[in-house]
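Nothing in this text is a laboratory measurement; each read-out follows from the coordinates by a stated rule. Computed from a prediction, not measured in an experiment: that's the story for all the values here. With ideal geometry, Cβ positions are generated from the backbone for all residues, glycine too; neighbour counts draw on all protein chains shown.
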Amino acid sequence: MMQDFPYQPQDEQGPVFSEPWEAQAFALVLALHEKGLFSWQEWAAVLSEQITLAQVGGDPDLGNTYYQHWLTALETISRQKNLSSDDELARRKSQWRAAYLNTPHGKPIELSAGNPPEDCH
C-alpha cells in the first residue's frame, strides 16, 4: 500500500515525520481506510490531486510540504465522504489554533487548551 506514495518522506524502516501532527494525520488516514470509509485508490487519487494543485500553485515540491498535502487531502476526502462538514473542519482548525496560542513554548499542544473558558456561575 505505501509503495503508492513514492514521495513520502521515509527511511528504511518506513515513513518519517518532522512533527507529531504529521504522524497523527498519517495514522488517521490509515484508520479511516481500515474502517472501510474510503478505498486506497480513492485516497491516492485525492492526495495526488492535492499535490498537483499545490505544484500548479507554486509549491516547489521539496518534500517538506508533503504532509500539508496529506492534511488537505484528508480534509477533502472527509468532505467528499460526508465524514465531516466545512463548519466542523473550520471549528476544529480554530480550536487547534487557539490551543497552539494558549500553550507555553516547549509544552505539548492539547486540544483542550483551545476550548473557550467555561462560564463560572
Give me the residue from the range 45-62 that is more than 14 Å from the chain's Cα centre (by Cα) and part of a helix (DSSP H, G or I) and, out of that set, farthest from Glu110 (Cα to Cα).
Val56
Would you be able to say whether some residue in the range 63-75 is outside any helix (DSSP H, G or I), farther than 21 Å from Gln10 by Cβ, without any contact (Cβ under 8 Å) to a residue 24 or more places away in the chain and polar (S, T, N, Q)?
no
So Ala44 passes all but one of these: (1) without any contact (Cβ under 8 Å) to a residue 12 or more places away in the chain; (2) surrounded by 14 or more Cβ atoms within 10 Å (Cβ to Cβ). Which condition number does it fail?
(1)
Restricting the range 5-37 to residues that are exposed (fewer than 10 other Cβ atoms within 10 Å of the Cβ) and part of a loop (DSSP other than H, G, I, E, B), the one nearest to the chain's Cα centre (by Cα) turns out to be Glu19
Residues satisfying the stated conditions in the range 47-70, i.e. aliphatic (A, V, I, L, M) and either touching a His at 6+ places or on another chain (Cβ under 9 Å) or surrounded by 19 or more Cβ atoms within 10 Å (Cβ to Cβ) (or both):
Leu47, Ile51, Leu53, Ala54
